[in-house]
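Heads up, the thing below is written out as structure tokens.
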Amino acid sequence: MGEILSFWFFATLSVGCALLSLFHKNVVHSAFALMGTLVGVAGLFLLLGADFLAMTQILVYAGGILILILFGLMLTRPEPEERKLGRIWGGIGILGAGTLLFVERVGDKPWFVQAKDLASPEPTVREIGLELLRRDSWLFAFEFASIILLAALVAAAFIARRRFNREEIE
Amino acid sequence: MNQLLQEPTQDGSQRTWFGNVYSAIRSTASGMGVTLRHLFSKPVTLQYPEERPIVDDRYRGVHYLEQDLCIYCDACAKACPIDCIDMEAVRHGKELEWKTFTVDYQKCMHCELCVYPCPKDCIHLGQEITHLAEDRSDLVHELLSYTGLTEEQKVRIAEAEAKKAAKKAALAAKKATEVKEPTEAEDPAETQDAVETENPEEEQKDG
Amino acid sequence: MGIVQFLSDLLPETIPYWALVLLGAGIAFAIIIAFVSVVAIFSVWLERKVAGHIQSRLGPMYVGGWHGWAQSIADGIKLILKEDVILTDADRPLFKLAPCIVLGTALAAFVAVPFAPGVVPADINLGVFFIVAVSSLTTIGVLMAGWGSNNKWSLYGAMREAAQVASYEIPLGLSLMMPVMYFGSFSLSQASEMQAGWGGLHWYIFSDSFWIAIPSFVLFFTAALAETKRAPFDLPESESELVAGFHTEYSGIRFSFFFMEEYAAMYLMSAIGTALWFGGWNFPGLYLLEGTALFTPLAIAVFVVKSMFLVFVMMWVRWTVPRIRIDQVMALGYKYLTPIGLFLVLVASVWEYIKFSMMGV
């Protein structure tokens, strides 16, 4: 009973805030509604026993990416172009249908965990750490992804560097 | 390109990376030592209405008057550049019956010019600092400690009156006895009196 | 461990688990709010007294008699009685929601803080990570406040604050890796329990890894000062003294939410520092009372006193060091603290590996 209640709470939070984010007129309000969505998704992760993933979702998405989205929105003034509601409904329809199809196809696979199947979730940090750093596991992918991110960081810093005039150099 | 590698400030305060770390730690630690010392030392605050500051002997505060020395010469009132001092008394012979001696602190600037001309050195500026008042009339301070005549003054006035009356009576009695004397004695006495009264006048004019 | 366990032992079996969880959450919420309010009120008074004595003056002296202890209560009552001013042009939903998000997330992080063995609202396995994640959500509330005020200077203050807080989360997280590596667990209450040896003095900062613990604590403390927008890094706040800050347009209770959030965050960071580096509730000789009824209140008292000492150190630093400019703040965060943090992580992991291979611990 408890799982059902919490699932419906977090699901309503996620979907409700997502709809709010899609349909609200004010862009900044939409961005702030996204925070509700991200926290709701983190809650859903928690219900599936992925505690580390939930905390990472909050820390990275809500505490990092959302802030950057807000920076981008607040420091620029996007053109108030005509919102085409039809497209939004169309998108929701396609994605919803695709999700239902996906769940129906993979519903009986062993890796498809459902919340009610979890007896008592164990902490996952150790497992994730070991998997990411084992030579025969995901080590190569992890390091490769880190290098790609480093390249992205350096490139961003270089693109945003301060440019000097000729007079200042002399 | 070297510009890109320079630190923002160029006044020499930014040195090497390790030097910066060391100087940051050291300056913060020494600063915290100073503040800790201040934290445990006695504060210099004076809790004002309960504690008053201690001032010098020569501090020019609120006036005080030595009433028994004052001879009502009005020198201090005339010396005041703003006319703050106002005094009123009635002379009974040598005695003074004081009515009022006020200093108006709405105007007084504590310049001490009233203290110097006093022939009896009876007005002073003391060490009391405040002029706290809730009404303007409270700022006009009365410096007298008593008004009217004291008992001793009344006694002295009565004695003086008595002496005067006695002198008058003695003089009247003398005149009465002198009237009975022969008239020749009167003429040289009169002319002598006239000469005597004239001479002091001449002497005064010469002097 | 935790309130829900306590309640399930207390109440009859028929009550379903989810009702116990909700009840436990409600009780925890009430206790946390009460505790944080008292701590905030006391901290405001303490700050004014400490600031006064450092500056050779007295601080509050009149309200309530002895050294003005009721001064902050009087200030709180004044703030509650103030008129609630909302600008005409302000973005009303955002303006009203911002203080709630800011205070709510700051209070939510108190769930994982252990006051005594077993006295923790929820013994979260990922305690440290949870606290860092949830307290990073306050930035969104600040941005909401800055944007909702419809004031350019508020927006500037909010932007700078967001940049500063987001930048200093990196050294904060890195510095927290050292005690996590030493204790082998993210959980704060487990870390505090593991510091119970040596008659109550086996704190991390006195342990065999002290030469890692001390720099990591200094790093943590500096990053925590920047995270809570305190002390030398208080540009977001100071702008409210100079030009404007993100909470300029707020008055009355809304402002008191921001104010309380600041002191709550200060206490939270101090509590984490105490639990991980300074032994939590352990004190020399306290272990003798274990099992008696006196142990838990004393342990709570020890924990609170230690955290308040660290809060006092935060105030001490505030009145020592001048304010740092925003570009210097960014330089400090990225060029100095992050490399130091990374280096310490490397050294600490090598040291832990050496200890493991030598002693099998």
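Values computed for the structure shown
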read-out: Filtered residues of the range B:80-92 (kept if more than 12 Å from the chain's Cα centre (by Cα) and outside any strand (DSSP E or B)); value: B:PRO81, B:ILE82, B:ASP83
read-out: Subset tally (residues that are touching a helix residue (DSSP H, G or I) at 6+ places or on another chain (Cβ under 6 Å) and exposed (fewer than 15 other Cβ atoms within 10 Å of the Cβ)) for the range C:9-25; value: 2
read-out: Condition check for C:ALA145: farther than 17 Å from C:LEU94 by Cβ and at pLDDT below 90; value: no
read-out: Residue, surrounded by the fewest Cβ atoms within 10 Å (Cβ to Cβ), within the range C:201-234, restricted to residues that are of a type in the set (S, T, N, Q) and under 19 Å from the mean Cα position of the chain (by Cα); value: C:THR222
read-out: Unique residue being out of contact with any Pro (no Cβ under 7 Å at 6 or more places or on another chain) and farther than 28 Å from B:THR28 by Cβ when the list is C:LEU235, C:LEU294, C:LEU310; value: C:LEU294
read-out: Residue ID - surrounded by the fewest Cβ atoms within 10 Å (Cβ to Cβ), chosen from residues in the range C:156-171 that are at the interface with another protein chain (Cβ under 10 Å from one of its Cβ atoms) and in contact (Cβ under 8 Å) with a residue 60 or more places away in the chain; value: C:ALA163
read-out: Answer residue from the range B:118-165, given it is touching a Cys at 6+ places or on another chain (Cβ under 8 Å) and surrounded by 13 or more Cβ atoms within 10 Å (Cβ to Cβ) and is farthest from B:CYS80 (Cα to Cα) among those; value: B:CYS122
read-out: Yes/no for B:CYS73 being buried (at least 16 other Cβ atoms within 10 Å of the Cβ) and within 14 Å of B:PRO117 (Cβ to Cβ); value: no
read-out: Filter result (facing another protein chain (nearest Cβ under 7 Å) and of a type in the set (Gly, Ala, Ser)) within the range C:133-155; value: C:ALA133, C:SER136
read-out: C:LEU174 vs. criteria under 19 Å from the mean Cα position of the chain (by Cα), under 22 Å from C:ILE354 (Cβ atoms) and surrounded by 20 or more Cβ atoms within 10 Å (Cβ to Cβ); value: yes
read-out: Leading residue by the ranking (farthest from the chain's Cα centre (by Cα)) among those in the range B:23-47 that are hydrophobic (A, V, I, L, M, F, W, C), more than 7 Å from chain C (Cβ to nearest Cβ) and under 17 Å from C:HIS67 (Cβ atoms); value: B:PHE40
read-out: Index of the failed condition, A:LYS116 passing every other in (1) in contact with a helix residue (DSSP H, G or I) (Cβ under 8 Å, 6 or more places away or on another chain); (2) modelled with pLDDT of 75 or more; (3) within 14 Å of chain C (Cβ to nearest Cβ); value: (2)
read-out: Breaking point among (1) under 19 Å from B:GLY126 (Cα atoms); (2) of a type in the set (Asp, Glu); (3) away from chain C (no Cβ under 14 Å), for B:ASP74; value: (1)
read-out: Residue in the range C:26-40 that is surrounded by fewer than 17 Cβ atoms within 10 Å (Cβ to Cβ), within 14 Å of another protein chain (Cβ to nearest Cβ) and either closer than 29 Å to C:ILE124 by Cβ or within 27 Å of the chain's Cα centre (by Cα) (or both) present; value: no
read-out: Top-ranked residue of the range C:194-213 - restricted to ones that are in contact with a Gly (Cβ under 8 Å, 6 or more places away or on another chain) and not hydrophobic (A, V, I, L, M, F, W, C), ranked as farthest from C:GLY280 (Cα to Cα); value: C:GLY199
read-out: Residue satisfying all of: in the range B:53-84; farther than 27 Å from B:LEU149 by Cβ and of a type in the set (Gly, Ala, Ser); modelled with the highest pLDDT among these; value: B:ALA79
read-out: Any hit, the range C:298-315, residues being within 13 Å of chain B (Cβ to nearest Cβ) and surrounded by fewer than 20 Cβ atoms within 10 Å (Cβ to Cβ); value: yes
read-out: Residues within the range C:188-210 that are part of a helix (DSSP H, G or I), within 22 Å of C:PHE110 (Cβ to Cβ) and not hydrophobic (A, V, I, L, M, F, W, C), tallied; value: 5
read-out: Residue within the range C:11-18 that is under 27 Å from C:ALA112 (Cβ atoms), in a loop (DSSP other than H, G, I, E, B) and within 14 Å of chain A (Cβ to nearest Cβ) present; value: yes
read-out: Given (1) out of contact with any helix residue (DSSP H, G or I) (no Cβ under 9 Å at 6 or more places or on another chain); (2) small (Gly, Ala, Ser); (3) part of a helix (DSSP H, G or I), index of the condition C:ALA264 fails; value: (1)
read-out: Boolean, C:TYR182 is among the aromatic types (Phe, Trp, Tyr), closer than 21 Å to C:LEU143 by Cα and touching a Ser or Thr at 6+ places or on another chain (Cβ under 9 Å); value: no
read-out: Condition met for C:PHE130 (at pLDDT 85 or above and within 11 Å of chain A (Cβ to nearest Cβ)); value: yes
read-out: Residue pairs meeting the criteria (Cβ under 7 Å; at least 6 apart or on separate chains; first touching a residue at least 40 places away in the same chain (Cβ under 8 Å), in the range C:182-208; second among the aromatic types (Phe, Trp, Tyr) and assigned to a loop (DSSP other than H, G, I, E, B)); value: C:SER192/C:TRP281; C:GLN195/C:TRP203; C:GLY200/C:PHE283; C:TRP203/C:PHE278; C:ILE205/C:PHE278
read-out: Matching residues in the range C:48-102 - criterion: being in a helix (DSSP H, G or I), within 14 Å of chain B (Cβ to nearest Cβ) and of a type in the set (A, V, I, L, M); value: C:VAL50, C:ALA51, C:ILE54
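The rows are residues; the columns are (1) farther than 30 Å from C:TYR156 by Cα; (2) facing another protein chain (nearest Cβ under 8 Å); (3) free of Cβ contacts under 8 Å to residues at least 40 places away in the same chain.
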position	(1), (2), (3)
A:VAL15	yes, no, yes
A:HIS24	no, no, yes
A:HIS29	no, yes, yes
A:ALA33	no, no, yes
A:VAL41	yes, no, yes
A:LEU59	no, yes, yes
A:LEU66	no, yes, yes
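Each row is one residue, and each column tells you yes or no for (1) in a helix (DSSP H, G or I); (2) hydroxyl-bearing (Ser, Thr, Tyr).
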{"position": "C:THR139", "(1), (2)": "yes, yes"}
{"position": "C:GLY157", "(1), (2)": "yes, no"}
{"position": "C:ILE170", "(1), (2)": "yes, no"}
{"position": "C:SER175", "(1), (2)": "yes, yes"}
{"position": "C:MET181", "(1), (2)": "yes, no"}
{"position": "C:PHE186", "(1), (2)": "no, no"}
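The values are calculated or read from the model by the stated rules, or taken from the named source; none is laboratory data. None of these values were measured; they are calculated from a predicted model. All Cβ positions, even for glycine, are placed from backbone atoms using ideal geometry, and neighbour counts span all protein chains on display.
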